[in-house]
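Only the coordinates and a few stated rules stand behind these numbers; no lab work does. Everything numeric in this text was worked out from a predicted model, so none of it was measured. Here the Cβ positions follow ideal geometry from the backbone for every residue, glycine too, while neighbour counts run over all protein chains shown.
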Amino acid sequence: MKYSLPKLDYAYNALEPYIDEKTMVIHHTKHHQAYIDKLNAVLANNPEIADEPVEHLLANLDTLQISDADKTTIRNHGGGFLNHNLFWKVMGPQKAVDEQLVADIEKKFGSLSEFKQEFENSAVSLFGSGWVYLVRDNHNNLQIISLPNQDSPYMKGLSPVFGIDVWEHAYYLKYQNRRAEYVANWWHVLKLLP
Ligand code: MN
């Protein structure tokens, strides 16, 4: 399997003013493309695993019969590939609210605003580069998790619902050091919640 950069279903400037066009162009065509290129290279060197879904490779990294260096490459770049695939999909210029998700969040976290506060706190306090995810475990329970670098929820047997990229490349051109402002504004472009 050779992966390619997924097309966005909105324009690079569609998330303005919350995420600027230049950030979107660089993030999609340079950063995401780089994860894909390195993932493809490691899969080309390991044809026996190349047709396995990347989610499956990440969930079973420890048992793969490949070198430790190649495991690290799959962790970083397979993770980066999937993390960004989902990131583009859950965002958009128009809301497409998932009412069942809203109900599940209210049940688990008390209210949407309490959930958002907890999610924002995780995103602001994550040290360095990484992601904060809302995930479901294998009992369908929701939880918020922080992951370093390009680690994927699939590595922990969890299914991602949505996640925010808090690498500086996701926000620095517009927000510089003001990560909290980026995170607070991100709710405007997350389609799934009001
Ligand atoms: Mn990114």
_CD proxy at 222 nm, helix term only [per DSSP H run n ≥ 4: -39500 (n - 2.57); per residue of the chain; nearest 500]_ = -11500 deg cm²/dmol
_Positive dipole terminus of segment 21-90, leading residue within His31, Ala41, Leu61 (C-beta point charges)_ = His31
*Could you check which residue among Val97, Val135, Val161 shows the biggest mean-square fluctuation in a GNM of the chain with a 10 Å Cα cutoff?*
Val97
*Where does the chain land on Rg/Rh, using Cα atoms and the Kirkwood Rh?*
0.96
*Please state the charge dipole magnitude for segment 48-194, taken about the Cα centre, from unit charges on C-beta atoms (+1 on K and R, -1 on D and E), reported in debye and rounded to the nearest 20.*
540 debye
*Give the cross-link partners of Lys95 among the aspartates and glutamates, using a straight C-alpha distance below 13 Å as the criterion and excluding same-chain residues fewer than 8 apart.*
none
*Calculate how steeply helix 112-125 sits against the longest principal axis of the alpha-carbon atoms of the chain, using the helix alpha-carbon long axis, and give the answer as 0 to 90 degrees to the nearest 10.*
50 degrees
*Spatially proximal lysines relative to Lys107 (Cα-Cα < 21 Å; intrachain offsets below 8 disregarded)*: Lys116, Lys191
_Net charge dipole size for segment 21-90 [Lys, Arg +1 and Asp, Glu -1 on Cβ; Debye, nearest 20]_ = 400 debye
_Modelling each spin label as a point 7 Å along the Cα-to-Cβ direction, I'd like the Val124/Ala50 distance in nm, to one decimal._
4.7 nm
*If you bin every alpha carbon distance in segment 101-194 into 10 Å steps from zero, what whole percent lands in each bin?*
16, 50, 30, 4
*Under unit Cβ charges (Lys, Arg +1; Asp, Glu -1), what dipole magnitude, rounded to 20 debye, does segment 107-194 have relative to its Cα centre?*
200 debye
